[in-house]
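J.: Below is a structure I'd like to ask you about.
Please treat every number below as a calculation from the coordinates, not as lab data. Values in this document were obtained by computation on a predicted structure and should not be read as measured data. FYI the Cβ positions are ideal-geometry reconstructions off the backbone, even for glycines, and counts take in every protein chain you see.
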Amino acid sequence: MSNSAPLLAFGQVMHRRLAPRGHRFAYPVFYALLPMHRLDDWAAGYGRAFAVNRAGLLSLRFADYGRRDGSDPRSWVRELLAAHGLAAATAGGALWLQTFPRMVGYVFNPVSFWYCFDPAGALRAVVCEVSNTFGERHNYLAARPDHGPIAPGETLAATKVFHVSPFFPVSGGYRFRFHFPAVAGDGAGEGRWLSRIEYFDAAAPADGDAATATAASVAVADAAADPGATADRLHAALSGQARPLSQGLALSAFLRYPAQTLGVMARIHWHALQLWLKGVPFFKKPLPPPTETTR
């Protein structure tokens, strides 16, 4: 895992709502796959085509991740893993960030994924940084209950506690599945990456009731393990074929998708209008969860 190079992946984002009204869209996109454990080796290697913490055609800014105060988000990820008992499993392992980069200074990331590997190259956790259009953020930590290696495509679960869409309640749970190529050797990681999230109905925790919240988390985990016993509401996926980053590839991505970052926000509101016109029930935004991370 130690000789990895940054990548750009070209593919699509897909959302399919199953209930209470059907609605589907898919758009071509590109995104970055960045070996943050090797950041110091490549950060200055792409000029203004792909810049780190400075202006560029495409760029990565520390202020967009973690504490959002400009501090190094890698230390934030390590602290989060330690708080959940995953420090030993991931110590010395690779840390990959899957994200939309800024384009001429602007970005909105509905979700960014931090892939946390162990020194042997096995995936142990994925930190999902979720943002909504109200300027709020929450993290879901996807990991096995026993902290063991995560196989490609393995189902992981979390209780939904954060408001994202006004057309779904803050209840139920998520299934996460991640497919990734072997990430080893110089310039490796090339190949197909897929992040899949399924939202389903399950028991909702009561506000301020820790026992009920714990019971709901157990119910969500049980439901995630038995998809036939749940009512799926939404399937979402981000897929792409990854290629080594170069100045030429960064320029090509910008010219091919010049309005991608602005388009993310525009499409969110466009599809919200379509859902409203279809008569999908609207849910008022609740207060954000009291904790920053859920697993």
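J.: Within a 10 angstrom radius of the beta carbon, how do I268, I197, I150 rank from fewest other beta carbons to most? Mind dumping the intermediate values first?
T.: Numbers: I268 15, I197 21, I150 24.
Arranged by neighbour count, lowest to highest, I268, I197, I150 become I268, I197, I150.
J.: What number, in nm² with one decimal, is the all-direction average of the projected area of the convex hull of the alpha-carbon atoms of segment 56-206?
T.: Details: hull surface 41.2 nm².
Hull-based average projected area comes out at 10.3 nm².
J.: Find how much the distance from R24 to F134 grows on full extension, using 0.36 nm per residue of separation minus their present alpha carbon separation; answer in nm with one decimal. List each step's numbers first, then the result.
T.: Numbers: separation 110, 0.36 × 110 = 39.60 nm, distance 2.31 nm.
Once the chain is fully extended between R24 and F134, it gains 37.3 nm.
J.: Still on this structure, please answer the following. Would you tally the net charge around F25, using a Cβ to Cβ cut-off of less than 10 Å, leaving F25 out, and scoring K and R as +1, D and E as -1? Working shown, then result.
T.: Details: positive: R16, R17, R24, R267; negative: none.
Cβ neighbours under 10 Å give a net charge of +4.
J.: Say R0 is 25 Å: what FRET efficiency, to the nearest 0.05, do D40 and L194 get from their beta-carbon distance? Could the numbers behind the result be given before it?
T.: Working: r = 29 Å, r/R0 = 1.16.
According to the calculation, E is roughly 0.30.
J.: Here's a follow-up. Amide H neighbours of R295 under 5 Å, at least 5 residues apart or on other chains, H built in the peptide plane: list them.
T.: When sequence neighbours closer than 5 places are left aside, the close amide H contacts are L141.
J.: Between R68 and D146, what FRET efficiency comes out of the Förster formula 1/(1 + (r/R0)^6) with R0 = 41 Å and r the beta carbon distance, rounded to 0.05?
T.: 0.85
J.: Got a sec? How would W96, W270, W42, W76 order by Cβ neighbour count within 10 Å, fewest to most? It would help to have the intermediate numbers written out before the result.
T.: Values: W96 27, W270 11, W42 16, W76 20.
With the sparsest Cβ surroundings first, the list reads W270, W42, W76, W96.
J.: Restricting to Cα pairs below 8 Å that are 6+ residues apart, what does the relative contact order work out to for the chain? Please round to a whole percent. Provide the component values of the computation, followed by the final result.
T.: Details: 639 pairs, mean separation 65.6, N = 295.
22 percent.
J.: Post the alpha-carbon centroid distance, segment 93-163 to segment 271-295, in whole angstrom.
T.: Segment 93-163 and segment 271-295 have Cα centres spaced 20 Å from each other.
J.: Set Lys and Arg Cβ to +1 and Asp and Glu Cβ to -1, take the dipole of the chain about its Cα centre, and tell me which of G66, T293, S239 lies farthest positive.
T.: About the Cα centre, the residue reaching furthest to the positive side is S239.
J.: Under 9 Å from the Cβ of S112, count the other residues' Cβ atoms, weight Lys and Arg +1, Asp and Glu -1, and hand me the total. Don't skip to the answer; put the middle values down first.
T.: Values: positive: none; negative: D64, E129.
Around S112, the charge tally is -2.
J.: May I pose another question? Please list 3J(HN,Hα) in residue order for segment 98-106, calculated via the Karplus relation 6.51 cos²θ - 1.76 cosθ + 1.60 where θ = phi - 60°; whole Hz, with x for glycine and proline.
T.: 9, 7, 7, x, 5, 10, 6, x, 10
J.: Jot down the radius of gyration and Dmax of segment 7-294, Cα atoms only, both in angstrom.
T.: Reported Rg and Dmax, both Å: 18.7, 55.
J.: Also, quick follow-up: Taking amide H positions as placed 1.01 Å from N in the peptide plane, with prolines and chain starts having none, which residues 5 or more places from A5, or on another chain, fall under 5 Å of its amide H?
T.: For A5, whose amide H was placed from the backbone, the distant partners under 5 Å are G187, A188.
J.: Still on this model: Counting other C-beta atoms within 10 Å, which of D118, D41 has the fewest, and how do the rest follow? Intermediate results must be reported in sequence, preceding the final value.
T.: Working: D118 21, D41 13.
Exposure proxy ranking, most exposed first: D41, D118.
J.: Once the other residues with Cβ under 10 Å from the Cβ of Q241 are scored (Lys, Arg +1; Asp, Glu -1), what is the net sum?
T.: Numbers: positive: R192, R243; negative: E190.
Neighbourhood net charge equals +1.
J.: For segment 56-62, in order, what is each residue's ³J(HN,Hα) by Karplus, 6.51 cos²θ - 1.76 cosθ + 1.60 with θ = phi - 60°, in whole Hz (x at glycine and Pro)?
T.: Going residue by residue, I get x, 4, 10, 7, 10, 10, 4 Hz, with x marking Gly and Pro.
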